[in-house]
Every structure is written in C-alpha cells, then in structure tokens.
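Below is a structure I'd like to ask you about.
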Amino acid sequence: MSWFLANLPYIGQLTALHLAQSVIPVVVGFALALPLARLALGRRADGRSTEAYTTAGQVRKGAVVNGAALLYTVPSLALFVLMPLVLGTSITSPLNVYVALTIYVVAMMVRSAVDAFESVSPITLEAATAVGYTPLRRFWQVELPLSLPVMIAGLRVALVSNISMVSVGAVIGIQSLGTLFTDGLRRDIPAEIITGILLTLVLALVLDRLLALVGATLTRWRNP
C-alpha cells in the first residue's frame, strides 16, 4: 500500500494512457466493422440477406468474415513490432498500439456484427419495407436498434480483450499499466506488479459494467 500511495500521480498517468489505448481502438474498430458486416451480408430491396439466395452472396460473406477473423491470429507482440515498419513511426509510439488494437477489434466485431444483423427477423425488415421505409431509414430505425443486444455483447468482449492486450505494448516500451509489470519485474518490486494487475482487472470490470449499462439503456424496449 505504501508503494501505491507514494506513486499515485505516476499510476494515474499510466491508467489514463491505458484507458485511452483500450477505448479508442474499440470505437474506431466498431465504426469500421459495421460497413464490413453489411458488405458481408448484403441486402435485397425487401431487406432479406443476399447470402441466403445467391452463391455470390455466400462467397462474399465467407471471404469478409473469414478474412477479418484471420487477422486475429497474428500475435499481438509481432503486430506491435510490425507497425513502425508500416506506419513509419518509432517503436515506442502509442500510435502502433492504437492501429494494432483497432485491427483486432475489426477482426472480432465483423463476426459479431454479422451475427447481430442476422438476429433481426427478415419478416420485420420486410414489414418495414412494406410500410414505406427506405433502405437507409430501415437500417437506422429498425435493423440497427434490433441488432444492438448481440452487438453490445460483441463489444464487451472486444473491450475487455483490448484492456488485456494493451499491456503487451509495455514490452517494447509503450507506456500503460503494463509498464508496472515490466518495471516491477526489472526492479524486483512485487507491489508494483500487483498494482498493475489489480488496476487492469478493475479497469476491465468498470468499463464492462459501464458498457453493459449503456446497452441496457439503449435496449429498454426489450423489457417494457
């Protein structure tokens, strides 16, 4: 406890860095995954997925979903090291973590978003089309709200996974709560390592509960 109290400003700075490196890639990755999921599914004029009716639709869905999932198989440390070569940044630039974790979020969220859109009944989409909804209005006012329960579940997994993977960046010198692990190990300070572990767990729990609360608020229509 004495080490924790004596280093509060330093711990607060690392927690803020860890929070930013966890949350921003989730927001950006989610925004990129949505159009990719829609591309994978395709929609006919009546709202039904083209995947169920054409071979081209099946091939497109398989290519997009499996291609995105393949990105998740790249080891995180290898991706962090590769980013400076691709982006032209220094090895310790936080931008490497932002881009690498955004790729992982896209890899996870494309599958989740496809499942979320497929959870919406085609009959509901046809009914919206029949009463005059345009494809764009049908998406924003019917399809997206009804897909939120599955979408939020996928986001919670991506967010917690990101909070864990941010720590890997500390191995190559990118500051986050993972720095407490590497520094505590190097200087043989168990209290520093334990502080890093506990704060990472608390951060994951708090953000997961916050996202669950946001999801419950946005889907109040499920419990009238």
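Each reported figure results from applying straightforward, stated rules to the coordinates on display, with no laboratory input. Treat the numbers as computed from the prediction; the structure is a model and nothing was measured. Reconstructed Cβ throughout: ideal geometry from the backbone, glycine too, with neighbour counts over all protein chains shown.
How high is the FRET efficiency between Thr54 and Trp221 when r is their beta carbon distance and R₀ equals 30 Å, given to the nearest 0.05?
E(calc), rounded to 0.05, equals 0.35.
Right, next: Rounded to the nearest 0.05, what FRET efficiency do Leu77 and Leu210 give with R0 = 35 Å and r taken as the Cβ-Cβ distance? Could you check?
That pair, Leu77 with Leu210, gives E of 0.75.
At 222 nm, what value in deg cm²/dmol follows for the chain if DSSP H runs of at least 4 each add -39500 (n - 2.57) and the sum is divided by all its residues, to the nearest 500?
-25000 deg cm²/dmol
Given springs between every Cα pair under 10 Å in a Gaussian network model of the chain, which of Ser167, Ser76, Ser90 has the largest fluctuation?
Ser90
Choose one answer from Asn162, Asn66, Asn96: the residue with the largest mean-square fluctuation in a GNM of the chain with alpha-carbon springs under 10 Å.
Asn66
Distances over 20 Å make up what percent of all Cα-Cα pairs in the range 158-224?
41 percent
If you don't mind, another one. Starting from the exponent 0.38 and prefactor 2.2 Å, build the expected Rg for the chain from its residue count and divide its actual Cα Rg by it.
1.21
Please state the charge dipole magnitude for the chain, taken about the Cα centre, from unit charges on C-beta atoms (+1 on K and R, -1 on D and E), reported in debye and rounded to the nearest 20.
Computed charge dipole of the chain: roughly 540 debye.
Another question about this same structure. In whole Å, how far is the Cα centre of the range 166-205 from that of the range 107-130?
When both Cα centres are located, 40 Å separates them.
On to the next question. Which of Thr54, Thr124, Thr182 moves most in a GNM of the chain, Cα contacts under 10 Å?
Highest fluctuation of the listed residues: Thr54.
I'm checking a number: the convex hull volume of the Cα atoms of the range 80-177, normalised per residue, in Å³. What is it?
Taking the convex hull of the Cα positions in the range 80-177, it is 105 Å³ per residue.
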